[in-house]
Amino acid sequence: MHYDFLMIGWELDYSRNGVMIDREKFKIKEIKIKKENFALRYAKTFLKILNALIRYRTKIVYIPAFNQVNSPFIILASKIFRKKLIIDILVSEYDTIVEDRKLARPNSFKAKKAYFLDKICLKYADQLICDTELHKEYFVKKFQCDSNKISVISVGAEEHFDYIENNNKSQEFRVIFYGGFSPLHGIDIILKAAAYLKNNSSIKFTLVGSGQTKNEMLKLAQELELSNVTFIDRVDYRDLPSFLSDFDVGLGIFGETDKAQRVVPNKVYQVAACKLPVITRDTPGIKEVFTHNKDSLLIPSGDQQAYELAKAIQTLQDNPDLKNNIEKNGYRLMKTDYSVKNIRKQFSYLVK
């Protein structure tokens, strides 16, 4: 049986793949890897890929995002069988562990392992995918990768992220953040902005998610005596568009890390696609897609970032026409330049 490509790894249902890959157009054989014991996983992975390459006819092997740790044997098997290898290098393992989350020192074994995994993906892939031009520059400079192999395909938002009219919205002005609690997101900035707005009883914040900095942020909220902030552990992913329809403003990221400078997070695309005005940090990466005061409000970095975020939220509450224009323009942008159709067209070109 012939397949357009084999898709091998874990997190195959991650939103990036849902946006980029048209499963109705392509005939795809998915080879799922379980998160289990390191040695057992590697042995099973190698046997699975060998079996798949023998059993299924295809010219292409695709490794999706977040699978650098699974890549060595997938790369080896693909090269043995002379298959075209496409890797989505969306997030650098080294960058995430060492430079962004500070979970390992640069010269530690963990850091060297992460660097090696990134390096072999970038070296041996026939075609690479990343999400911004700045990420492409990072990979070229950090790992001496051939820039001609890297295609930039934006993250975008899945089709179920769309505007849902809500005629029963609260009279409060509601602000939403959702995502992992990590240094990248700068949730401390959101909480400090909430502190500036404590005296405005009509503005309420909801923060959805968990992760590395969650306990620290809960403690900070207590220290700041924030009665205007609600924490929720999770919302079902399929329910997010309906959930977002209850809010007036969506927040992006405010972290000061180098990685924060390069990314355009999926939550920013998703919020805009649901026709909420986006407020996020002003970075070179964000400005590859969004324009301040047109389809977003971009907050300058620095010591006054929390104050500037609070001021932007207050501005949108006080200026319904500005809010309306930003959300309309952001929505239009997601349905034209960054539509699922356009993003899938770019991916389709790579797997011809």
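Rank 266, 195, 250 by how far each Cα sits towards the positive end of the charge dipole of segment 173-335 (+1 on Lys, Arg Cβ; -1 on Asp, Glu Cβ) and give me just the farthest.
266
Using the charge dipole of the chain (Lys, Arg: +1 at Cβ; Asp, Glu: -1 at Cβ; taken about the Cα centre), state which of 85, 130, 289 has its Cα farthest towards the positive end.
85
Pick from 100, 131, 318: which residue has the top mean-square fluctuation in a GNM of the chain where Cα pairs under 10 Å get a spring?
318
Tell me the label-point distance for the pair residue 39, residue 25, using the 7 Å Cα-to-Cβ offset, in nm and rounded to one decimal.
Label at residue 39, label at residue 25, 4.5 nm between them.
With 10 angstrom as the radius, rank 118, 303, 146 by how many other C-beta atoms surround their C-beta, starting from the fewest. Before the final figure, lay out the partial values.
Values: 118 23, 303 6, 146 12.
By the 10 Å Cβ count, ascending, the order reads 303, 146, 118.
With charges only on Cβ, +1 for K and R and -1 for D and E, what is the dipole size of the chain about its Cα centre, in debye, rounded to 20? Don't jump to the answer; show the numbers that get you there.
Numbers: 55 positive and 43 negative charges, 417 e Å.
Result for the chain is approximately 2000 debye, rounded to the nearest 20.
Using the 10 angstrom Cβ neighbour count as an exposure proxy, how do 11, 225, 24, 99 rank, fewest first? The partial results should precede the final answer.
Details: 11 15, 225 9, 24 6, 99 18.
Least to most surrounded, the residues fall as 24, 225, 11, 99.
Are there any trypsin sites (Lys or Arg not before Pro) in segment 135-237 that are in a DSSP loop and have at most 13 other Cβ atoms within 10 Å? List them by number. Write out the running numbers ahead of the final one.
Numbers: sites: 136, 141, 142, 149, 169, 174, 192, 198, 204, 214, 219, 234; in loops: 169, 198, 234.
Those that pass, being in a loop and sparsely packed, are 169, 234.
Please get the size of the charge dipole for segment 173-335, origin at its Cα centre, with Cβ charges of +1 on Lys and Arg and -1 on Asp and Glu, quoted in debye to the nearest 20. List each step's numbers first, then the result.
Values: 20 positive and 19 negative charges, 84 e Å.
Computed charge dipole of segment 173-335: roughly 400 debye.
Given all pairs of different Cα atoms, what value in angstroms does the Kirkwood hydrodynamic radius of segment 173-335 take?
Values: mean 1/r = 0.0645 Å⁻¹.
15.5 Å is the Kirkwood radius here.
Tell me whether segment 123-201 comes out rounded, prolate or oblate; compute the Cα gyration tensor, take square roots of the eigenvalues as a ≥ b ≥ c, and use a/c under 1.5 as the rounded threshold.
On the way: a/c = 4.73, a/b = 1.96, b/c = 2.41.
Oblate shape, in that a/c is at least 1.5 and b/c is the bigger or equal ratio.
Compute the distribution of all C-alpha to C-alpha distances in the chain, in bins of 10 Å from 0, and list the percent of pairs in each, rounded to whole numbers.
5, 24, 32, 24, 12, 4, 0
Would you list the P(r) distribution for segment 103-237, with all Cα-Cα distances sorted into 10 Å bins from 0 and each bin expressed as a whole %?
10, 25, 26, 23, 13, 2
Specify which residue in the list 163, 148, 211 is farthest towards the positive end of the charge dipole of segment 114-224, using unit charges on the beta carbon of Lys, Arg (+1) and Asp, Glu (-1), about the Cα centre.
Of the options given, the answer is 211.
Starting from the Cα of residue 242, step 7 Å along the direction of its Cβ; do the same at residue 14; then give the gap between the two resulting points in nm.
Here the modelled spin labels are 2.7 nm apart.
Using only C-alpha atoms and all pairs of different ones, pull out the Kirkwood radius for segment 11-61 in Å with one decimal. All intermediate terms of the calculation are to be shown ahead of the outcome.
Values: mean 1/r = 0.0788 Å⁻¹.
In segment 11-61 this quantity evaluates to 12.7 Å.
Full-extension gain between residue 282 and residue 59, please, as 0.36 nm times their residue separation minus the C-alpha to C-alpha distance.
76.1 nm
Could you name the lysines in cross-link range of residue 25, using Cα to Cα under 27 Å and dropping any fewer than eight places away on the same chain?
The reachable lysines, counting only those whose Cα sits under 27 Å from residue 25, are 34, 48, 59, 79, 83, 84, 149, 267, 335, 341, 345, 352.
Using every pair of alpha-carbon atoms in segment 185-228, split the distances into 5 Å bins beginning at 0 and state the percent of pairs per bin, rounded to integers.
Over segment 185-228, the share of Cα pairs per 5 Å bin runs 5, 22, 36, 24, 10, 3, 0 percent.
In nm, to one decimal, how far is the residue 164 label point from the residue 349 one, both placed 7 Å along Cα→Cβ?
It works out to 3.4 nm between the two label points.
Within a 10 angstrom radius of the beta carbon, how do 246, 321 rank from fewest other beta carbons to most?
Values: 246 15, 321 7.
Ordered by Cβ neighbours within 10 Å, fewest first: 321, 246.
With the contact rule set at Cα under 8 Å and sequence spacing of 6 or more, what percent relative contact order holds for the chain? Intermediate results must be reported in sequence, preceding the final value.
Working: 628 pairs, mean separation 56.2, N = 352.
Relative CO of the chain lands at 16 percent.
Could you compute how fast segment 307-352 diffuses translationally, taking Rh as the Kirkwood radius over C-alpha pairs and applying Stokes-Einstein at 4 °C with viscosity 1.567 mPa s? Give it in µm² per second.
Diffusion coefficient, whole number: 101 µm²/s.
Bear in mind that the values in this text are calculations on the coordinates, not laboratory data. Just so it is clear, the structure is predicted and the values come from calculations on it, not from any experiment. Because the Cβ atoms are built from the backbone with ideal geometry, glycine has one as well, and the counts that use them run over all protein chains shown.
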